[in-house]
Amino acid sequence: MESSIINFNFEDAQNVLKAELKPERYLHSIGVMETATELAKRFGADEHKAKIAGLLHDCAKNIDPVRSYGICELLGIELDDVAKQSYKLVHQYLGAELAKMRYGIDDEEILSAIRVHTTAKEDMSLLDKIIYLADFIEPNRDKEPFDGFDKLREICENDIDEAMLFALDISIKSIVERKMLLHMDTVLARNWFLSKKISKTLEK
Ligand code: FE
Ligand code: FE
């Protein structure tokens, strides 16, 4: 295991996050850290990596839009047209970069999970899926429940790909309802999971 994560100091990282995030966002991060660790245990992923990725996934969330775009430009983070117009997406790309620079994470699996936690993408790794789902079902979400919340938690008990499909459907519907831009990676992710399911049914 890479040294950056063996020596990862949770207490230090939590103190930095506590200072940088709004209180409810900090609480959410702790919730995602705990839920991701549980999911990793359930589905056989690296629990230590899940814990770090869960804690850090929103580390760039409370940087204001103008600064976020400015830092991306400064760091040479290339944003596509949708991300340039959808501020809510920027924190996944910037978050992965900050995890590397400020929190010393050089583990590509962790960085990837942070980098795709909002849009998702095709062919996600187990850790990518765990962070995406933990972000949805962590306990503090109870305060702002969404349609299908309990059902999603239930599916997460045993079928992670089915849970991804269910969560992506919820997410896409809500993006459309709120008249926001839909990122192509989200469409590709949904088709990927659905097409995998269809092929499985056809095999039977
Ligand atoms: Fe996020
Ligand atoms: Fe989050």
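The values are calculated or read from the model by the stated rules, or taken from the named source; none is laboratory data. Keep in mind the model is a prediction, meaning the values are calculated, not measured. Quick note on the areas: whole protein, heavy atoms, side chains included, nothing else; ligands and nucleic acids left out. Shrake-Rupley method; radii C 1.70, N 1.55, O 1.52, S 1.80 Å.
Structure data summary
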item	result
Surface share of carbon and sulfur [accessible, 1.4 angstrom probe, percent] for the chain	51
Region 1-37 versus region 56-109: alpha-carbon centroid distance in Å	17
Whole-Hz ³J(HN,Hα) from phi, Karplus 6.51 cos²θ - 1.76 cosθ + 1.60, for region 193-204, glycine and proline x	5, 5, 5, 4, 5, 4, 4, 4, 5, 5, 5, 6
Average accessible surface area per residue within the chain, 1.4 Å rolling probe, Å²	53
Candidates 54, 70, 104: whichever shows maximal mean-square fluctuation once the chain is modelled as a Gaussian network with Cα springs under 10 Å	70
Given 18/196; 51/151; 22/121; 61/200, the pairs whose alpha carbons are separated by over 30 Å	18/196; 61/200
Cα gyration tensor shape of region 1-133, rounded if a/c is under 1.5, else prolate or oblate by comparing a/b with b/c	prolate
